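The values are calculated or read from the model by the stated rules, or taken from the named source; none is laboratory data. None of these values were measured; they are calculated from a predicted model. Note: ideal-geometry Cβ built from the backbone for every residue, glycine included; neighbour counts use all protein chains shown. Accessible surface is based on the protein model in full, side chains and every heavy atom, while ligands, DNA and RNA are left aside. Shrake-Rupley method; radii C 1.70, N 1.55, O 1.52, S 1.80 Å.
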Amino acid sequence: MSSPPPPGTDNRRAVLRAVVFEVLKAQRSLAKLHNGDMFALMVFTTIWSANGEHLIGDPRYAGLRDIAPDSTITPITDDQLQRALGAPRDMVDRYVKAFLEDGWIERVPGGLAAPRAVFTSPEMMDAANEVYDRIIGLVSALRLVGFGLGEEPTPS
């Protein structure tokens, strides 16, 4: 195992490689929930992450099994989803329709929401654990290339 570069070394390329490698590994793993369809992963993840963005840092929902109730969901509109993805509307709409039919999401007042019940399935719990493991891998890889979390980045 190599040691981190000396302080002040420009390690941005190494950091980029480490982040991309770990993020893609996590995405490939999560796409299995959607039969390997990476765009389906993007659509679903955009919806549920928007639904709970306001809960980041809320200690009531910090634990793996502390899934927020549906009453806390902030829906995402179809327009917001399309803008967030930057994909053609008809393409996004096809995925939304399929997710609605499969029960992965619901249309609620204000937009689209992924209900709590979706996240309690064994597959989703396994996926959450796997993503957590990938985050640990990412932090380890970043440390290996000399990127300190919470420290000032190397100046340009």
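Where in the chain are the DSSP H helices whose C-alpha atoms run 27 Å or more along the long axis and whose mean Kyte hydropathy is at least -1.0?
Working: long enough: 12-31 (28 Å, 0.42); 122-144 (33 Å, 0.32).
Correct list, ordered by number: 12-31, 122-144.
Mind giving me the nanometre distance, one decimal, between the label points for Ala87 and Leu24, set 7 Å out from Cα along Cα→Cβ?
Computed distance between label sites Ala87 and Leu24 equals 1.9 nm.
Quick check on packing: order 20-26, 60-66, 141-147 by the mean number of other C-beta atoms within 10 Å, highest mean leading.
Details: 20-26: 14.6, 60-66: 10.1, 141-147: 17.4.
Per-residue mean Cβ counts within 10 Å order the peptides as 141-147, 20-26, 60-66.
Return the equivalent ellipsoid semi-axes of region 9-156 as a descending list in whole Å, where each equals the square root of 5 times an eigenvalue of the C-alpha gyration tensor. Kindly include the intermediate steps, with their values, before the conclusion.
Numbers: eigenvalues 179, 67, 50 Å².
Whole-Å semi-axes of the equivalent ellipsoid: 30, 18, 16.
Compute and list, largest first, the equivalent-ellipsoid semi-axes of region 98-138 from the alpha carbon gyration tensor, each √(5λ) rounded to a whole angstrom. Don't jump to the answer; show the numbers that get you there.
Values: eigenvalues 133, 26, 13 Å².
For region 98-138, the ellipsoid semi-axes come out as 26, 11, 8 Å.
Nearest 20 debye, what's the magnitude of the dipole of region 32-156 about its Cα centre given +1 on Lys and Arg Cβ and -1 on Asp and Glu Cβ? Don't jump to the answer; show the numbers that get you there.
Values: 11 positive and 18 negative charges, 8 e Å.
Dipole size: approximately 40 debye.
With viscosity set to 1.306 mPa s at 10 °C, what whole-number translational diffusion coefficient in µm²/s follows for region 69-136 from Stokes-Einstein and a Kirkwood radius over Cα pairs?
Values: Rh = 13.4 Å.
The calculation lands on 119 µm²/s.
What value in Å³ per residue do you get for the convex hull of the alpha-carbon atoms in region 5-88? Working shown, then result.
Details: hull volume 14.6 nm³, N = 84.
Each residue corresponds to 174 Å³ of Cα convex hull volume.
Using the charge dipole of the chain (Lys, Arg: +1 at Cβ; Asp, Glu: -1 at Cβ; taken about the Cα centre), state which of Thr77, Tyr61, Tyr95 has its Cα farthest towards the positive end.
Farthest along the dipole direction, towards plus: Tyr95.
Give me the 1.4 Å probe accessible area per residue for region 70-145, excluding ligands and nucleic acids, in Å². Please list the in-between numbers first.
Working: 4410 Å² over 76 residues.
With all protein chains present, region 70-145 gives 58 Å² per residue.
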